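What follows is a set of notes on a single structure, which appears directly below.
The values are calculated or read from the model by the stated rules, or taken from the named source; none is laboratory data. What you see is a predicted model, and the numbers here were worked out from it, not measured in a lab. Note: ideal-geometry Cβ built from the backbone for every residue, glycine included; neighbour counts use all protein chains shown.
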Amino acid sequence: MFCHYYAPARDSYAAAPSAYFAGLSSIIRIACQRLVNAMAHNGTPNKEEWLKTINTCSLTDLEGVPVFAALQENVLFLKRLFSDCSDFVIREFKMKNGVPVVAVFVDGLIDTRAVNQALEALMILESGDDDVEVIEEALLPVSQISKAKDYKEFLQAVLSGDTGIMVDGNTQALTLGMRGPEKRSVDEPEGEAVVRGPREGFIENIRTNTSLLRRKLKTPRLKMKSLVIGRETNTNLVLAYLEGIADRELVEEVTRRISVIESDGILESGYIEELIQDNIYSPFPQVQYTERPDRVAGALLEGRVAILVDGTPMVLIVPTTFWIMLQANEDYYERFQMATLIRWLRYLFLLISLLTPAAYVAITTFHQQMLPTTLLLSIAAARESIPFPAIVEALIMEISFEALREAGVRLPKTVGQAVSILGALVVGQAAVEAGIVSAPMVIVVSITGIASFTVPHFNASIALRMLRFPLMIAASILGIYGILVGILLIMGHLANLRSLGVPYLSPIAPMSVGDLKDVLIRAPWSYMNKRPSFLGVQDARRLRAGHTSQQQRDAGSSGTVRQGGSGTGDGGRTRGEG
Amino acid sequence: MRRWMKGCVAALCGLLMAGCWDRVEVNDLAIVIAFSIDKEANGEYRLSVQVPLVSNLGGPTGGGGGTSGDKTYYVDSATGKTLREANSVLQARMSRQLFYAHHRVIVIGEELARDGLSKVLDIVARFPENRLTAYLVLAKGKGITMLQAQPSFERFSGEAMRELIKKETIPVTVKDMAQMLSTPGVDAYLPYVMSVHSHPKGKSKEIQILGVAQFRGDKMVGVFNEEAAGGLRWFRRQFTPFATKVALTDRENVNVQFDKGKAEIKPVIKQGRIQFLINVYASATVIENLTNADLGRAANLTALERKLSMHITETVKKTLAQMRRQRTDTIGLGLVLARKYPREWRSQLRDDWNERLAQVEFHVQTKAEITNIGQTTENITKEDHDE
C-alpha cells in the first residue's frame, strides 16, 4: 500500500535540493495525506522523505490524488513520478490561444499518426479554449475521449496506451483512446484445433478479444464489466456475462472474488484462476480456460461467466464441472451421433489413462489368476529377464514418458521431432531389447499416453496424469483393493469439490435429470431447448418449444413438396404445425 | 490443516507398514497348466504338474533366464499320503511358487479312477486357487504320461487336452463331476484319453480321445468306445455336432455330420416293470458320399434317412446295453424317473437303482432327417444323366 524503498533511488534524490519540492503547492501534500500516514506507520515521519521517493509509488497509491489546476505542478509531479522512464513522453505545448497544454503518452503504445492529428487540431487548426469540456466537445476530433479526475484513473489510461491531455487551470484531464496497432493478428489457436468450427482465437490484446466476443453475441445483454487488478501491472480484466441469463449471484460472487485480489501483478489468467478457485489443493481444475471465442460465447449462453484478462489469449470461464472438462466445442458442431460416440470414447479413455498402469501393476503382482492363461504366459515370458518389480518398471516408464512429453513441449519444433524419435527408440525399443523394461509395460504406457491426450482440456488431463502415480503406488501395495480405495478417495474428493458454489459433479451428483442430455450423450440440438439448470440460470428457454417440426418427426416424408396443387397446401400446414 | 496432516501421516504409515504383503511378481511363479493325480502301488498319491518354462516361450533375448534346452515346459511329480504333502515335496525343489489358478485340465490316472476319486477331488474345491471350471479327463494308464506328451500344435499337452475335450468329446468340468457324483439317479462319466504317436511316427506325441469312461459311484467300471460314446451324445443337454459313417448298402458308405440332435426319455411303470420310451431326433448333413446313389432323388434320401435312423437306434441301444451290463446310469434315467414317479422313486427305487437297471426295458425310436446333402448331388466326376 505504501511506497517501497529502493536504496539507489533514495540516494539519487537525496542530492536534489529540497527547495525544489517545497515549490510544490500544499495541495499535493494534503492530497497525498494517505501516503504521509503510511510513511508515519512505517516509522519515517519525515515529510520531505516521501516526496523524494514519490517515484516508488504504485498507481493504487495515487487514488484520490486530483489533477492539479496549475499545469506546472502537474508537470513537476509527473516528471518526478516518471523519472528515468525513457518511454514516458511529456510533451508541453501551447494552444493557438496561448493556453499551456501538456500531452503525456507512452512511446510505442500510441498510434502516432492519430495523436499527431489530434495535436494538430489543438495547436494549429482550432482557436483553442481553456476549458477541457469545450475542448472535448468541440475541438478534438477524436472518437474515444474521456475525462479523468484523479491521477490513478488518468495514469491507468495513459499507461494502457491512451494519450493524456492536461490543460492549465483545469482539475480534469482528458484521455484520448488512440492506441497503437502493436498486436498479433487473430490466428487459429494451436492448443485447441478443430476440424469443424471457427478458426479464430483470442490474442493478447483484450480489446480485440472483447470485439471477437461481441461479434458472436450482438446483444445489449452481453455485459462486459471492466476491472483493474494488480498494483504494478494494472492488468485490465473484463467480466463478460449475459444479463438476465447468468445467475446474478454468480456474477456478484465472481466480481467479489476478483476485486478482493490485492496482488502486485497479474501476468496471465492462471493467476486469477488460482486466486478465485474454491479449493486450491485440488488437482482438478475448477476454472475452465479457452482461447476460442465460440467456446466463450457458448459458455455465456449457458449462463456462465467469462473473465478476459489483458495480455493473454486464455479466457477463464466459471463455473465449470467435471463433465465440461470432457466436452470439446466440436461436440456441438458435429452431428449428434458422432459427438455422442466420441464423448463415450473420451469417457473410456479417461478411465484408461487413469487406471491402466495401476491395473497392470495390481494384476501382474497380486491377481495373476485374473488374466487369461496365454496372456499371463506372454507377460511372464516378457518379464522373465526384467530386473525390476512391476511397480518400479511402471514408474520408470511413466516418469520417462512424462519427461519426454515435457521436453517435447518446450523444445522448438525442429528439435522436438528429434527428441521424440530418440525417445521412441530409446525408451521404446532399446529399453525392451536391453531387458530393462518389458514390452507389455511399453504398451501400457503408450496406451496411457494416448488416452491422456483424448481429454480435450489440457489441465484436466494433467490432473489425471498426476493421480495416476498415487494410484499406481496404491496398486503396488494393496492390489486392486488399493486401486478401489484410491478411486473412492478421488470420487469423494470430486463429490466434495465446488466451482463457484456449483457442485463439481453436477448434473450427475447432485442429479438433475433434465441436464443429462448434454453429459453422457450429446442430444440433438432440437432437444436441447433448456439451459443447464444446475447453473441457476434465470431465463432457461433456449429453443422455441416443439421446434422439432413435422418434417423431422416424419423423417422428411410429409415435408417434401408434392407435385400438384395439394403439395403447397400440405407444406404450408406442416410449417404451421412446426 | 493440522488434522489433515495428521490423517495423512497416519494413512501413509498404515500403507507403509502394511507393505506389499502378498505381492508376487510374475517371474516368481511356476504357473501350473495341468496336473495329474495317480495312485501308486503303495497307496500313496502321485501329483504331477506341468509347468511352462516361460523363458523359453520367446520373451526378449538377453538378460538371461537360467533354463536350458528348447523345451517349453517341464513335468515334475512327487508322492505323498495327501496331495498337499506331494505338493510340498514338489515345492521343496522348485525355486518358484507353484501357482494353480491357471490349470485347465486335471488328469486322473486310470488306477486312481478304478479305486474311486471322490477323496482327491476334495482338494480341488477346498483350495481357492483351484477352479471348478477346469476340465477333468481320465487317462488310460498313468496320468503323468498325458502331461509328458508333446502335441505338435500346442505348446503344452494341457492346452491340447482342453481344446480337444471342448471340441471332440463330452467335456466334463470339476463342477459337473461333483454334481453327477452327488445326484442320485445319475452316474458320472469322464472323457477317456491316451497319448499316442502320430503316424508316421514323429517326434511328437499326440493326445487321442478313446471314448468315455463309465463310472459307478466314484469308481470307474468301463469305457464306452467311440461308437457307444456317440450314443451318449444324444442325451446331453447341449448337443455337440459329430460325424458318423452309415452303410447305405453292404458295401457302400455315406458319411454324415449330425448338426442337431436331442433325445426324449419317457419313463413308464407298468405292473411293476419299468420301461423307458426313448425318442431320438437328429438332423444331419451329408459330408461324403461313396455310393452311386443320387441323393438329389427323394427316394434315395428317404432310404438314407431310414438307414440313419436305424444306425442311431443301434448305437443308442449299444450304449444302453453297456449301461445295463455294468449297471450304471450314465444318461440319468433315474433322474427322469424320479421326476415322473417321485413317490415310487423315494419308496422303492432309489436305494437299489443301479441293481434294478439290469431289468429295465428300453424302446428306442429314432427320427433322422437329412437337411443338407452338401454342395453337389452326385459325385462331380460322373457324367450327366440325360433328362
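Of note:
- A count restricted to the range A:366-388 and to residues that are in contact (Cβ under 8 Å) with a residue 24 or more places away in the chain and either closer than 30 Å to A:A523 by Cβ or surrounded by 22 or more Cβ atoms within 10 Å (Cβ to Cβ) (or both) stands at 5.
- Selected residue (criterion: farthest from the chain's Cα centre (by Cα)) from residues of the range B:173-194 that are surrounded by fewer than 18 Cβ atoms within 10 Å (Cβ to Cβ) and part of a helix (DSSP H, G or I): B:S182
- Of all the residues in the range B:227-269, those that are in contact with a Gly (Cβ under 7 Å, 6 or more places away or on another chain) and either more than 15 Å from B:Y189 (Cα to Cα) or exposed (fewer than 15 other Cβ atoms within 10 Å of the Cβ) (or both) number 3.
- Condition met for A:I203 (in contact (Cβ under 8 Å) with a residue 24 or more places away in the chain and either in contact with a Cys (Cβ under 9 Å, 6 or more places away or on another chain) or not in a loop (DSSP other than H, G, I, E, B) (or both)): no
- Taking (1) in contact (Cβ under 8 Å) with a residue 40 or more places away in the chain; (2) farther than 30 Å from B:F127 by Cβ; (3) touching a helix residue (DSSP H, G or I) at 6+ places or on another chain (Cβ under 6 Å) in turn, A:S400 satisfies each apart from (1).
- Residues of the range A:411-424 satisfying the condition of being under 21 Å from A:S452 (Cβ atoms) and either surrounded by fewer than 10 Cβ atoms within 10 Å (Cβ to Cβ) or of a type in the set (F, W, Y) (or both): none
- Hits in the range B:136-184 (condition: in contact (Cβ under 8 Å) with a residue 40 or more places away in the chain and among the hydroxyl-bearing types (S, T, Y)): B:T145, B:S152, B:S157, B:T169, B:T173, B:T183
- Meets criteria (among the hydrophobic types (A, V, I, L, M, F, W, C), away from chain B (no Cβ under 14 Å), part of a helix (DSSP H, G or I) and in contact with a Gly (Cβ under 7 Å, 6 or more places away or on another chain)) for A:V419: yes
- Any hit, the range A:86-94, residues being over 26 Å from A:N205 (Cα atoms), at pLDDT 85 or above and either in a loop (DSSP other than H, G, I, E, B) or not charged (D, E, K, R) (or both): yes
- All positions within the range B:101-127 that are within 14 Å of chain A (Cβ to nearest Cβ) and closer than 19 Å to B:V193 by Cα: B:H103, B:R104, B:V105
- Checked against the criterion of being within 23 Å of the chain's Cα centre (by Cα), assigned by TED's automatic domain parsing to the domain that holds B:R356 and in a strand (DSSP E or B), the candidates B:A284, B:A213, B:A243 yield just one match: B:A243.
- Of all residues in the range A:259-282, those being surrounded by 20 or more Cβ atoms within 10 Å (Cβ to Cβ) and not in a loop (DSSP other than H, G, I, E, B) number 4.
- Screening the candidates A:A299, A:A240 for the property of being of a type in the set (A, V, I, L, M, F, W, C), in contact (Cβ under 8 Å) with a residue 40 or more places away in the chain and closer than 20 Å to A:V502 by Cβ yields one hit, A:A240.
- Filter result for B:A338 (in contact with a Leu (Cβ under 9 Å, 6 or more places away or on another chain) and of a type in the set (A, V, I, L, M, F, W, C)): yes
- Residue within the range A:478-495 that is in contact with a strand residue (DSSP E or B) (Cβ under 7 Å, 6 or more places away or on another chain), in the same structural domain as A:I391 (by TED's automatic domain parsing) and outside any helix (DSSP H, G or I) present: no
Yes or no, residue by residue, for (1) farther than 30 Å from B:R104 by Cα; (2) more than 14 Å from chain B (Cβ to nearest Cβ); (3) at pLDDT below 90; (4) part of a helix (DSSP H, G or I):
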residue	(1), (2), (3), (4)
A:T340	yes, yes, no, yes
A:L348	yes, yes, no, yes
A:I363	no, no, no, yes
A:A381	no, no, yes, yes
A:I391	no, no, no, yes
A:A394	yes, no, no, yes
A:V415	yes, yes, yes, yes
A:I436	yes, no, yes, no
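- Test set (1) surrounded by 21 or more Cβ atoms within 10 Å (Cβ to Cβ); (2) among the aliphatic types (A, V, I, L, M); (3) under 20 Å from A:I508 (Cα atoms) - A:A495 fails condition number: (1)
- Being surrounded by fewer than 20 Cβ atoms within 10 Å (Cβ to Cβ), modelled with pLDDT of 90 or more, of a type in the set (A, V, I, L, M) and more than 31 Å from the chain's Cα centre (by Cα) holds for only one residue in A:I473, A:I487, and it is A:I473.
- Per-region count, the range A:213-250, residues of a type outside the set (S, T, N, Q) and in a loop (DSSP other than H, G, I, E, B): 12
- Among residues of the range B:270-280, those that are at pLDDT 90 or above and surrounded by fewer than 18 Cβ atoms within 10 Å (Cβ to Cβ), counted: 3
- Which listed residue, of A:I447, A:I443, is farther than 25 Å from A:Q277 by Cα, part of a helix (DSSP H, G or I), more than 34 Å from the chain's Cα centre (by Cα) and of a type outside the set (G, A, S): A:I443
- Given (1) farther than 30 Å from A:W323 by Cβ; (2) buried (at least 16 other Cβ atoms within 10 Å of the Cβ); (3) within 14 Å of chain B (Cβ to nearest Cβ), number of the condition A:V427 does not satisfy: (3)
- The condition (being in contact with a Ser or Thr (Cβ under 8 Å, 6 or more places away or on another chain), modelled with pLDDT under 75, within 12 Å of chain A (Cβ to nearest Cβ) and buried (at least 21 other Cβ atoms within 10 Å of the Cβ)) is satisfied by just one residue among B:G59, B:G63: B:G59.
- Single residue of A:L76, A:L109, A:L51, A:L119 found to be more than 18 Å from A:T163 (Cβ to Cβ) and at pLDDT 85 or above: A:L76
- Top-ranked residue in the range B:134-155 [being within 14 Å of chain A (Cβ to nearest Cβ) and either modelled with pLDDT under 90 or in a helix (DSSP H, G or I) (or both); ranked as surrounded by the most Cβ atoms within 10 Å (Cβ to Cβ)]: B:R155
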